[in-house]
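Worksheet for the structure shown next.
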Amino acid sequence: MMRQTFALFLLSLLLFSGGFAQTVPDTAVVISEIMYDPPSDANSADEFVEVFNTSPTQSFNLRGWRIGDAAVLRTIADTTATNTGNATLAPRSFAVIFTGTDFRRAFAYYRPLIPAGTLILRTTASIAFNNTGIESVRLLNERGDTLANFTYTGVSSNRGRSLEKIILNRDDTPTNFSPSLNIGGTPGSQNSVSPLRFDLRNVRLSFLPADSVVQGTSVTLQAVLQNAGTEPISSFSVEFYEDLDSNHILSPNERFETRSVSSTLQPNDSLRFEIAISTPALGLRRFATVAALANDERRTNDTLRRTLRVVSTPVLTPADTSIIISEIMYDPPEDANATADEFVELYNTHPSLSIDLRGWRIGGTVNLTLTDSGATGTGNTVLPPRRFAVVFSPSYFTSGQFYRNRIPQGALVLRASGSLSLSNTADTVTLLTPRNLEVARTSYVGNARNKGFSLEKIILSRDDASTNFAPSLVQGGTPGFINSVTPKERDLALRIAEQFSTPPQTAITIPYTVQNRGLLAFGNGATTRVFEDRNRNAIGEPTEQISTSTLMRDLAPRDSIRQSFTYTPRTAEPVEFILTLSITGDEDTSNNVARTRLLSGAPRTSVIINEIMYAPIQDPNDFKPDQPEYVELFNRSNAPVDLRGWFITDAPNERGEFNQFFFAQDSSENYVLQPNEYAVVAPDRATVRDSTRLVQFFTYLQSDRNAKLFTSVRSSPTSRTNLSDLSLNNDGDLVALYDNTGFLVDSVRYSPRWHNPFFSSTRGLSLERINPNGGSNDARNWTTSTNREFGGTPARQNSTFAPSPEISGTASTLALSPNPFSPDGDGRDDFLVIRYQLQGTANRIRIKIFDARGRLVRTLANSEPSGAQGEVIWDGLDDNRQPLRMGIYILYLEALDASSAIIETLRQTAVLAKPM
């Protein structure tokens, strides 16, 4: 029984594996070509789909297979009426399947194109593939398995050219199909776009400098050959012909040069050949090059032809050479008509000759003839000497309104015979005389940033090089006027940077430049005055003048001289400066005034980092608002501080790179931080204040509308995102605060060791600064927040805050506050602030604490550097970080003055108490 069961299992396994094996080779049949839009001399029945059997050994009977578009599928049959003929596709062979209703007509058109012996099939009903738009082509076997599914986008310009698969054994992505190189496609033959093993292609034949040259000019005939095959080739040549009898047949006696190559040319590499040709005679000369490779598998791309026109030297009259292209408006302003308000401005450089422009032409995308602006074509077209003419498209006179009142009265306005159609990206504009002589050619590359600003010629008497054109300085350009970029004969200009910065109360030398933008030497006696615009009225008043400088020599054209003035800021407020330049004879005074701004950095530690929440409690499953990370700032100075442009940085990486987080970038916000006011930086995805995690968790902020909360942070001033990568490391990090000038105001390199050692966990508890006057990186000045409700106090006084004791007079003093103090972690009087005042200005200090029996219990400072004043905080712990008993303790301070070597000693008594 077991043997029978095992035998049945083997039989069923063989049957199953045999059935499965039949489906695998079916995928060897691929769609290789689609003719969806037959040639113009064919008909709709001539649509076809070509398939190819990629298998090297197995044949496939396609009878009963189906093919179709996205909507319908049609069964494949042979060409006989009874469908009993041959439908078997041999290995490595093509089959052409016609999808029209009239197979006989279709096959009649393609009979000369399809090689003899090719398998011809048809569908039992018609399929109409889309000529334009998106269409799908599907191939299914007789069991309904989809073997190929190809989607294409029809293009009307490809009519008559089938879509051919490039690499037959690759997928059906659109990038693996390309329009056939042959009209009618290649049914039954190798696809024209498929690379062959050996294919030397003639890719370019050109004349340098141009296809049309003046008689006697030397011309370079340039040919480029490319290895279009998949295998390296060697031992090939290029043959140069001149078709002397113009019969389009290249005979051996017309071959005048052969260049042979014995080196190896790799696939896709190309090789350039050049031959110099003389032009002694006028007329047309027809040349050709032929790529010659013995085993070339495709001869259709071996030959290229090109015609050279040799013309006589044109005789240019003064009228021809006096008209130039002086301005081009290719991208009109936003409030203008994008097409109708394009223009080309011409200028007559002749000092006395008036020139009739009727019949002249402007070339570019198309050649347009110039006529007058009237409807009858009989108006004025004469351009007087040293005057401008503005050429518009015909639509300007019906749709264009922008320039109606901008062109000066009396300026010559001309009409082109068609639309100028100037490209916004790149174009070439030419000017031709009525005798078809090109007298001007200007090429440009457009820039979207220059929209509304025309391209103006700088020096009208110079050539048409792109360097002699520049964007207009005037929105809308200057049609009919002298170009804004054209220099005057005498013109001095002031230039200065938009902004400078300096550390607080530090002198800065601010440079500026006086430049001669004119055509003549000029400048002797020019006076530059510098004004501090104290009343901010944008006018330099005599009482505000702080500097004067006089130029003692002329400057050559385009030359400049660097000058400067020195200024020391008195406050942290920005300072506005106005510079004026005056000299008799200056023809353009619009550039004789310059403005700049001086930003004075905030004093060091005027704003401090006061609280850091780096390990918040965030649990998506506890149904409670998440704590956010945040950094609290505090203005400990006596003056308001504008935080606009300030930023925070983190620790640099191994390459010295660090992130900048700008938190005050919204121009509509008030970022002035008043004395003793707090600001909180807490990046958040929410864009509404009350939806941020900061406000939702710290609920008291919902009613405190004046709190400075910065929840939208950008990684740079130009960043488009309102999110930030600001993240505070739990194992310690650097937080550095910079002002808008880039000066460091405060920095804290925090550590988890700064927390109170008696907290079992500090997760969800911020690090608070105990005293704003204490050191930013003094671990004794930081501890764990004691706020039991929130774990932190953003925008509020720190729960562990301890004020500085008062000191009066100049004598050496040691003051303690609060005294007594009770370090029990309740947030009240937990820390003793030790403030001292010394006689020396550069000291080394030692602070020791003794109990009532004289035993040393804590060394707070040991040879630490100090100025004349300072503060140290005692947390009530001994040197082993253990709490001390209640009682009286003696603080002993020793200070060594580094300059005088005098030692000062101060003593004071502190009481460590416990609340009752």
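Name every residue in segment 879-916 that is open to solvent by less than 30 Å² (accessible area, probe 1.4 Å) and either under 60 Å from the mean Cα position of the chain (by Cα) or not hydrophobic (A, V, I, L, M, F, W, C) (or both), in order of residue number.
Those that are open to solvent by less than 30 Å² (accessible area, probe 1.4 Å) and either under 60 Å from the mean Cα position of the chain (by Cα) or not hydrophobic (A, V, I, L, M, F, W, C) (or both): Gly887, Tyr889, Ala895, Asp897.
Give me the residue from segment 564-587 that is in a strand (DSSP E or B) and of a type in the set (Ser, Thr, Tyr) and, out of that set, least open to solvent (accessible area, probe 1.4 Å). Let's see the steps before the verdict.
Step one: filter segment 564-587 for residues in a strand (DSSP E or B), giving 564-567, 575-582.
Now restrict to residues that are of a type in the set (Ser, Thr, Tyr): 564, 566-567, 580, 582.
Numbers: Ser564: 62, Thr566: 91, Tyr567: 17, Thr580: 40, Ser582: 53 Å².
Checked segment 564-587; the qualifying residue least open to solvent (accessible area, probe 1.4 Å) is Tyr567.
For segment 446-471, name all the residues that are open to solvent by less than 30 Å² (accessible area, probe 1.4 Å), more than 11 Å from Thr486 (Cα to Cα) and polar (S, T, N, Q).
Ser454
Residue-wise test of (1) surrounded by fewer than 19 Cβ atoms within 10 Å (Cβ to Cβ); (2) within 24 Å of Asp427 (Cβ to Cβ); (3) aromatic (Phe, Trp, Tyr); (4) out of contact with any Cys (no Cβ under 9 Å at 6 or more places or on another chain).
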position: Asn483; (1), (2), (3), (4): no, yes, no, yes
position: Thr486; (1), (2), (3), (4): yes, yes, no, yes
position: Phe500; (1), (2), (3), (4): no, no, yes, yes
position: Val514; (1), (2), (3), (4): no, no, no, yes
position: Leu519; (1), (2), (3), (4): yes, no, no, yes
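Go through (1) open to solvent by 80 Å² or more (accessible area, probe 1.4 Å); (2) part of a strand (DSSP E or B) and name the single condition Asp245 misses.
(2)
Looking at Leu832, Leu816, Leu767, which one is touching a strand residue (DSSP E or B) at 6+ places or on another chain (Cβ under 8 Å), of a type outside the set (Lys, Arg) and open to solvent by 10 Å² or more (accessible area, probe 1.4 Å)?
Values: Leu832 fails: open to solvent by 10 Å² or more (accessible area, probe 1.4 Å); Leu767 fails: open to solvent by 10 Å² or more (accessible area, probe 1.4 Å).
From the options Leu832, Leu816, Leu767, the qualifying one is Leu816.
Condition test on Gln660, is it surrounded by 14 or more Cβ atoms within 10 Å (Cβ to Cβ) and closer than 21 Å to Asn798 by Cα? Break it down into steps so the answer makes sense when it comes.
Details: surrounded by 14 or more Cβ atoms within 10 Å (Cβ to Cβ): yes; closer than 21 Å to Asn798 by Cα: no.
Taking the combined requirement at face value, the residue does not satisfy it.
Can you confirm whether Glu345 is out of contact with any helix residue (DSSP H, G or I) (no Cβ under 9 Å at 6 or more places or on another chain), in the same structural domain as Ser235 (by the TED database), assigned to a strand (DSSP E or B) and of a type in the set (Asp, Glu)?
On the way: out of contact with any helix residue (DSSP H, G or I) (no Cβ under 9 Å at 6 or more places or on another chain): yes; in the same structural domain as Ser235 (by the TED database): no; assigned to a strand (DSSP E or B): yes; of a type in the set (Asp, Glu): yes.
No, not satisfied.
Say we look at segment 132-150 and pick out the residues that are over 18 Å from Ile97 (Cα atoms) and open to solvent by 60 Å² or more (accessible area, probe 1.4 Å); which of these is modelled with the lowest pLDDT?
Top of the filtered list is Thr132.
Just the residues that are modelled with pLDDT under 90, within 21 Å of Ala779 (Cβ to Cβ) and hydrophobic (A, V, I, L, M, F, W, C), please, taken from segment 797-841.
Ala802
Answer yes or no as to whether Thr186 is among the polar types (S, T, N, Q), modelled with pLDDT of 90 or more and surrounded by fewer than 16 Cβ atoms within 10 Å (Cβ to Cβ). I'd like the intermediate steps shown before the answer.
Values: among the polar types (S, T, N, Q): yes; modelled with pLDDT of 90 or more: yes; surrounded by fewer than 16 Cβ atoms within 10 Å (Cβ to Cβ): no.
No; evaluated as a whole, the condition is false for this residue.
The rows are residues; the columns are (1) closer than 22 Å to Ser785 by Cα; (2) out of contact with any Pro (no Cβ under 9 Å at 6 or more places or on another chain); (3) among the β-branched types (Val, Ile, Thr); (4) assigned to a loop (DSSP other than H, G, I, E, B).
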| position | (1), (2), (3), (4) |
| --- | --- |
| Thr810 | no, yes, yes, yes |
| Leu814 | no, yes, no, no |
| Asp826 | yes, no, no, yes |
| Ile834 | yes, no, yes, no |
| Ile847 | no, yes, yes, no |
| Asn862 | no, yes, no, no |
| Ser900 | no, yes, no, yes |
| Gln908 | no, yes, no, no |
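Could you count how many residues in segment 608-624 are under 30 Å from Gln499 (Cβ atoms), among the hydrophobic types (A, V, I, L, M, F, W, C) and touching a Phe, Trp or Tyr at 6+ places or on another chain (Cβ under 7 Å)? Working first, answer last.
Let us first name the residues in segment 608-624 that are under 30 Å from Gln499 (Cβ atoms), namely 608-610.
When the remaining residues are screened for being among the hydrophobic types (A, V, I, L, M, F, W, C), the result is 608-609.
Narrowing further to those that are touching a Phe, Trp or Tyr at 6+ places or on another chain (Cβ under 7 Å): 608.
Residues meeting the conditions: 1.
Among the numbered criteria (1) modelled with pLDDT under 95; (2) more than 30 Å from Phe388 (Cα to Cα), which single criterion is violated by Ile561?
Only one criterion is unmet by Ile561, namely (1).
Please give the strands (runs of 3 or more DSSP E) falling wholly within segment 352-453 in which 1 or more residues are in contact with an Asp or Glu (Cβ under 7 Å, 6 or more places away or on another chain) and either modelled with pLDDT of 95 or more or within 18 Å of Pro332 (Cβ to Cβ) (or both). Before the answer, list the steps.
Numbers: elements: 361-363, 368-372, 388-392, 412-416, 426-432, 438-445.
Where strands (runs of 3 or more DSSP E) fall fully within segment 352-453 and carry at least 1 residues being in contact with an Asp or Glu (Cβ under 7 Å, 6 or more places away or on another chain) and either modelled with pLDDT of 95 or more or within 18 Å of Pro332 (Cβ to Cβ) (or both), they are 388-392, 412-416, 438-445.
Within segment 271-280, is there a residue that is among the basic types (Lys, Arg), in contact with a Phe, Trp or Tyr (Cβ under 7 Å, 6 or more places away or on another chain) and open to solvent by 70 Å² or more (accessible area, probe 1.4 Å)? Outline the logic, then answer.
Kept after step one, since they are among the basic types (Lys, Arg), are these residues of segment 271-280: 272.
Of the ones still in play, those that are also in contact with a Phe, Trp or Tyr (Cβ under 7 Å, 6 or more places away or on another chain) are none.
No, segment 271-280 contains no residue that is among the basic types (Lys, Arg), in contact with a Phe, Trp or Tyr (Cβ under 7 Å, 6 or more places away or on another chain) and open to solvent by 70 Å² or more (accessible area, probe 1.4 Å).
The values are calculated or read from the model by the stated rules, or taken from the named source; none is laboratory data. On a predicted model such as this, the values are computed, not experimentally measured, just so you know. Ideal geometry is used to build each Cβ from the backbone, glycine not excepted, and the neighbour counts take in all protein chains shown. For accessibility, only protein heavy atoms count, side chains too; no ligands or nucleic acids. Shrake-Rupley method; radii C 1.70, N 1.55, O 1.52, S 1.80 Å.
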